[in-house]
1. Got a number for residues in the range 32-71 being part of a loop (DSSP other than H, G, I, E, B) and not polar (S, T, N, Q)?
2. Determine which member of the set I344, I355 is crowded, with 19+ Cβ neighbours inside 10 Å, touching a residue at least 12 places away in the same chain (Cβ under 8 Å) and in a strand (DSSP E or B).
3. Given the criteria more than 11 Å from the chain's Cα centre (by Cα) and open to solvent by less than 30 Å² (accessible area, probe 1.4 Å), does S176 qualify?
4. So is G205 closer than 12 Å to P13 by Cα and not β-branched (V, I, T) or not?
5. What residue, of P391, P302, P372, is of a type outside the set (D, E, K, R), modelled with pLDDT under 95 and outside any helix (DSSP H, G or I)?
6. Given the structure, is D161 in a loop (DSSP other than H, G, I, E, B) and open to solvent by 10 Å² or more (accessible area, probe 1.4 Å)?
7. Would you call N76 in a helix (DSSP H, G or I) and either of a type in the set (V, I, T) or in contact with a helix residue (DSSP H, G or I) (Cβ under 8 Å, 6 or more places away or on another chain) (or both)?
8. When you look at N325, is it surrounded by fewer than 17 Cβ atoms within 10 Å (Cβ to Cβ) and under 23 Å from the mean Cα position of the chain (by Cα), yes or no?
Amino acid sequence: MANQTGRHFLQIPGPTPVPERILNAMSRQMLDHRGPTFCEFGQKLFADVKTIFKTQSPVIIYPSSGTGAWEAAFVNTLSPGDQILVIETGQFAVLWRNMAERMGLKPEVLPTDWHAGGDANALEARLKKDGSHQIKAVCVVHNETSTGARTWIDDMRRAMDAAKHPALLMVDAISSLAAMDLRFDEWGIDVAISGSQKGLMLPPGMSFTAVSPKAIAASKKAKLPRSYWNWDDMLAINPTGTFPYTPPVGLLFGLSEAIAMLHEEGLDNVFARHERLAEATRRAVRGWGLETWCRDARGHSPAVTAVTMPDGHNADTFRKLVLENFNMSLGTGLNKLAGKAFRIGHLGYTNELTILGALTGVEMGLELAGVPHEKGGVAEAMAYIAETARPATAKAA
């Protein structure tokens, strides 16, 4: 590609742009991760990260991608041959299932058509058939990044309670944490995992695992082999503010700043901003006469929108054209969506003008690519954003 001026529009659903404040916070000299200054910093950080999960339970931090936290969830709570139930809402649920198979677990899939989130009624009905409680864990992706569909975790918990089933509730919150409301304690979640590169606005390389007392109790009996991923090692030393091995010190400095930024805006305001920008994006898609991959109005994701391409047009060809002409990266279609959809990320460090710039690039790209569409999608989004903007408060001189 030729050198392009101006900033690159990174509109994929992760990694997301990193704010200058976080980059500056990470540009510190390293500390002795066993020394008193770091331990004091770490104790506060372990307490602060709980506020993002809305939990009083421990949150374990690994130097890894979210996939590592997936593996940690399995090896710490389950034994070879254990049966689990995976709600298949898209590609990332498929990958979680595949991991379970590789590890000697027995995953059963509760399917969807990939056009909506998980069905709580279907979950309740399946669990009621498991009278002997062979299912040891229910695995749910909160925000299915591949399809732009959310699953309502509180509905899933009510379904499990209605079925009187003791399975662990495991939630993939990799692209939902800090972009959508997540209430670990209130919703009765047992294991919730996330990653640094999405709503937390950090570079990739760090994962998070919130663990309930029930999950910790299960870890005492679990028989899958574990070493690096052992929760016991983490839980034993984290209260001192440090780690059983060298932690990602620079990323932890950034995490502290990210948490501060989220609380300065207010978590409810953060979630409302994501919902608003997502609605503006969907209005643009409707204005173009196109369709979102998620067809369930209640299931639309606040973090990412997957857009279905008209028949005869390839989404990856379109994405390449947009990148080359407008210096913008859009998310590719995964698995069933390959070539059939592109994804617009609107999570993390983004605002009204950012998303309007991205939508403008999409609309111009549709024109250049000869994709059948109606003009004016950006105008629809702009009208919605202007209509819902909070009026400025005049101050006396």
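1. 7
2. Within the list I344, I355, the selection yields I344.
3. No, not satisfied.
4. So G205 fails the test.
5. Every option except P391 fails the conditions.
6. No: the conditions fail for D161.
7. On the way: in a helix (DSSP H, G or I): yes; either of a type in the set (V, I, T) or in contact with a helix residue (DSSP H, G or I) (Cβ under 8 Å, 6 or more places away or on another chain) (or both): yes.
So N76 fits the description; yes.
8. no
The values are calculated or read from the model by the stated rules, or taken from the named source; none is laboratory data. All figures in this text were calculated on a predicted structure; none of them were measured in a lab. Please note: Cβ atoms are built from the backbone with ideal geometry, for glycine as well, and neighbour counts cover all protein chains shown. When the accessible area is computed, the model is the full protein with side chains, heavy atoms only, and any ligands, DNA or RNA have been set aside. Shrake-Rupley method; radii C 1.70, N 1.55, O 1.52, S 1.80 Å.
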